[in-house]
Amino acid sequence: MLTVIATITSNNIDADVVLTALENLQKYSRQEVGCLRYELSVKSDDDQTTYLVSEQWASDEHFEAHKDEPHFKVFGTQVTGLVTNSNIEVFNTIG
């Protein structure tokens with residue numbers, strides 16, 4: 001099993017567009033085979049909005065297949081130029 005933690009930051013002026021794109025990604029990702037959990041959290045300050053995506057996948061193969069899904073690619077297109085910072089970390093579950 002894999003746990004994926006992604007942090008994505010945007011300027012507040014773009015926050016609604018990025019949030020809508022992330023909510024759509026969450027909706028369709030939860031329907032994928034191998035997706036065990038997909039949670040989205042958000043916080044804002046005066047200048048920027050940060051989104052935390054926490055995912056669990058049954059296997060590396062499921063996570064890799066996720067990145068080839070049409071909704072994943074659409075998300076990338078929707079937020080191009082709007083994301084000011086992003087970081088994705090993948091952890092192997094122990095036990």
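The numbers here are math on the coordinates, done by the rules we state, and not lab data. For clarity, every value in this text was computed on a predicted model and none was experimentally measured. Note: ideal-geometry Cβ built from the backbone for every residue, glycine included; neighbour counts use all protein chains shown.
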Could you list all residues from segment 63-81 that are farther than 17 Å from residue 24 by Cβ and in contact (Cβ under 8 Å) with a residue 60 or more places away in the chain?
63
Select, from 11, 92, the only residue that is polar (S, T, N, Q), in contact with a strand residue (DSSP E or B) (Cβ under 8 Å, 6 or more places away or on another chain) and surrounded by fewer than 11 Cβ atoms within 10 Å (Cβ to Cβ).
92
Could you look through segment 55-89, keep only residues that are charged (D, E, K, R) and assigned to a helix (DSSP H, G or I), and pick out the one that is farthest from residue 2 (Cα to Cα)?
73
Can you pull out every residue in segment 46-77 that is within 14 Å of residue 15 (Cβ to Cβ) and either touching a Gly at 6+ places or on another chain (Cβ under 8 Å) or surrounded by 16 or more Cβ atoms within 10 Å (Cβ to Cβ) (or both)?
48, 49, 50, 51
Kindly list the number of the only condition in (1) outside any strand (DSSP E or B); (2) buried (at least 16 other Cβ atoms within 10 Å of the Cβ); (3) over 12 Å from the mean Cα position of the chain (by Cα); (4) among the polar types (S, T, N, Q) that fails for residue 26.
(3)
